[in-house]
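First comes the structure, then the notes that go with it.
What follows draws every value from the coordinates through simple rules; no lab data is involved. Since the model is a prediction, treat every value here as computed from it, not as a measurement. Because the Cβ atoms are built from the backbone with ideal geometry, glycine has one as well, and the counts that use them run over all protein chains shown.
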Ligand SMILES: Cc1cc2nc3c(=O)[nH]c(=O)nc-3n(C[C@H](O)[C@H](O)[C@H](O)COP(=O)(O)O)c2cc1C
Ligand code: SF4
Ligand code: FES
Ligand code: FES
């Protein structure tokens, strides 16, 4: 059974890894996009999907190889919400705060998560196990409210179910890590 | 591929399909995948194989079948009886579906509703949810596998392209204009006119861009179309390109829709391999190809000039228009930006004619419209209705009222740029003009149902907060006005507002509408203004008592 790309990407992103992508991978990314006009954002997508965020050294290297000043890279990375500048925790919990989820009480779900993990939205736990973030609409609005963890969607939740979700993550955890290993090429 | 080969391939595929007695379609769109639709497909395949029924039963994926809240949905189509639609099927139920339904049907039984547990998982196809919808953009969903090119070709796919290749650019524009198709991305600009304007600008290089940013949070129509029928959008873009002499196509899809990106990329690879896209489109000597660009989580990038900046790899900030993209767009070349649903309508119009399309709808708004029906609606999902259907029919009959059993208070259409429409206006027929008159707008198709327990003040606050957060900050009316308005609204929600604050909100809103550079700022006050217009008492109820305000 093929694993959906987004799960693969997210799981990959969640796999334990070195702080920066291996150098040759960045060269590969740069070579792929260097000659295509306006492809900086695409290159950054490739980078983040491999490393989970945009590390400074990698950004510098990428900029050097693609002939883009670092300042331009940061201008772009800071404008777009999708890009992360710091390494997130291993399990990225995205609570959807889109309208459909909002109407079904996602704010309560989020604050439950914050309490449960003792961190605020946008932060990772000190042990780097979990990263909690709010997102806007994952396109499964018919199943609101929902959260996704490394791309796996937990849907039709009750707003007081944050504890339950974290338990489920802990149960599903071995799976996610195994998959990540499978995908680690 | 030569044009005649389309017919050969279609006939071959149809013959292949005919050879199966039963065809199973499991929704493999994002919503259902999140409840393990792929596991269901694997389960069905395994069971069919175990029973050595592979020659008789075909197991397929499918686009969204609408009732996403009840997914994964599985449709059984048989030559000998009516379709059956199963809901909330889990992988471990796959064997029962085959054993209790498929096998008896193969043996000649007629089954309307299976008994036992599966009966609980069978939807009534005579429910208004299904009978009152009119499928055209969605007509392939549930009937073909979006990952198979030949399935699309067998359903008249790329026939419209073939027709377009025999027409002049002007003729195609005329046909689109006659159909009355208007942009489904929000503003409702006549598509034929936009194409014709772009056609008339002389240039060696021109771009046709598909706007798949779908920034309205709580709306998923465009993502569903890209996932469920990617070839239809590609075909629509090829025809658009012919109509305006475009030389390059670009898909801009939000990064939060990885499955849509994957499906479009796969469809493009298939179309290239088949000679439908690339160096020699349908052996006509015409070369045309596409590029893929991903968004990165900025709502403003749905605005066309910001979208262009984003494709150029820059921060997605809008710029003043004119010059319009038709004159100066991507890389300073003439460009046309169209919404996904707009483009998906194009092949149908060309193939069936402008008259066919215009036969549905109202005087000014033709065809059908997709809506993402969510919130407190009983039936949550993706629906397609003819323009001109009343909101009441959409919400109460198709939507089935509320899941809470409470009375519906209002719907919100048009997302952060739209507004709330109170229940007593529900007899209004759906059209661009009507929704605008009610202080909302068609928008891209988000339709959120709220019940009497929901607060419109808080919903207005939610949307304004969204817009303030998503403002690119380039111009002051939006940046400062939005923040100021939100501050006042927060005050009212906290029970600390005064009548004066409502007046100030109105004033700031007017300034934002008039002076903002792009439609984000211009329309950001709409949800709040519509809420005040239709539900002023909900605001005044929350104000400080008059005596306190004087003190
Ligand atoms: C802030 C903002 C966000 C928008 N988001 C989208 C979007 O997500 N999808 C879309 O098709 N149009 C969006 N639009 C409208 C587009 O600018 C443009 O009008 C549309 O894509 C044109 O296509 P159409 O004529 O086929 O509707 C947005 C506009 C604004 C101002
Ligand atoms: S109106 Fe808002 S989003 Fe649009 S350009 Fe001005 S600040 Fe940016
Ligand atoms: S609003 Fe939560 S998935 Fe769309
Ligand atoms: S996503 Fe499967 S029915 Fe809508």
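Once both labels are positioned 7 Å from their Cα atoms along Cα-to-Cβ, the gap between residue A:85 and residue A:160 label points is 4.0 nm. Counting only other chain Cβ atoms within 10 Å of each residue's Cβ, the peptide B:33-43 averages 3. For the pair region B:135-169 / region A:51-122, the C-alpha centres are spaced 39 Å from each other.
Sorting B:362-374, B:165-177 by their mean Cβ neighbour count within 10 Å, with the most densely packed peptide first, gives B:362-374, B:165-177. Any idea what the relative contact order of chain B is, in percent, if you count C-alpha pairs under 8 Å spaced at least 6 apart? Once divided by the residue count of chain B, the mean separation gives 13 percent. For the pair residue B:536 and residue B:193, a Förster radius of 51 Å applied to the C-beta separation gives a FRET efficiency near 0.85, rounded to the nearest 0.05. Helix B:3-18 against the longest principal axis of chain B: what's the angle in degrees, Cα atoms only, rounded to the nearest 10? For B:3-18 against chain B, the angle is about 80 degrees. You can think of it this way: the chain between residue B:178 and residue B:514 has 117.7 nm of extra reach, that is 0.36 nm per residue less the Cα-Cα gap. For the pair residue B:319 and residue B:135 in one chain, pulling the backbone fully straight at 0.36 nm per residue adds 62.5 nm over the alpha carbon distance.
Against chain B, whose longest principal axis is taken from its Cα atoms, helix B:499-515 shows a tilt of about 60°. FRET efficiency for the residue B:8 to residue B:427 pair, using the beta carbon distance and R₀ = 60 Å, is estimated at 0.75.
With the simple model of a label 7 Å out from the Cα in the direction of the Cβ, residue B:167 to residue B:363 spans 2.7 nm. Remark: the residue B:273-residue B:82 segment gains 65.1 nm on full extension, using 0.36 nm per residue and subtracting the alpha carbon distance.
Ranked by the mean number of other Cβ atoms within 10 Å per residue, highest first, peptides B:418-429, A:134-145 order as A:134-145, B:418-429.
Pop a pseudo-label 7 angstrom from the Cα along the beta-carbon direction at both residue B:113 and residue B:404 and give the gap in nm to one decimal. Each label point lies 7 Å from its Cα, and together they span 2.9 nm.
A protection proxy built from the mean count of other Cβ atoms within 10 Å ranks the segments B:33-43, A:84-94, most packed first, as B:33-43, A:84-94. Principal-axis analysis of the Cα atoms of chain B puts helix B:526-540 at an angle of about 60° to the longest axis.
Shape of the protein assembly as shown from its Cα gyration tensor (a ≥ b ≥ c, root eigenvalues): rounded if a/c is under 1.5, otherwise prolate when a/b > b/c, or oblate?
Rounded is the answer for the protein assembly as shown, as its axis ratio a/c remains below 1.5.
Other chains near B:287-298: what is the mean number of their Cβ atoms within 10 Å of each residue's Cβ?
That average works out to 4.
Partner shielding of A:140-151 amounts to 6, given as the average count of beta-carbon atoms from other chains within 10 Å of each residue beta-carbon.
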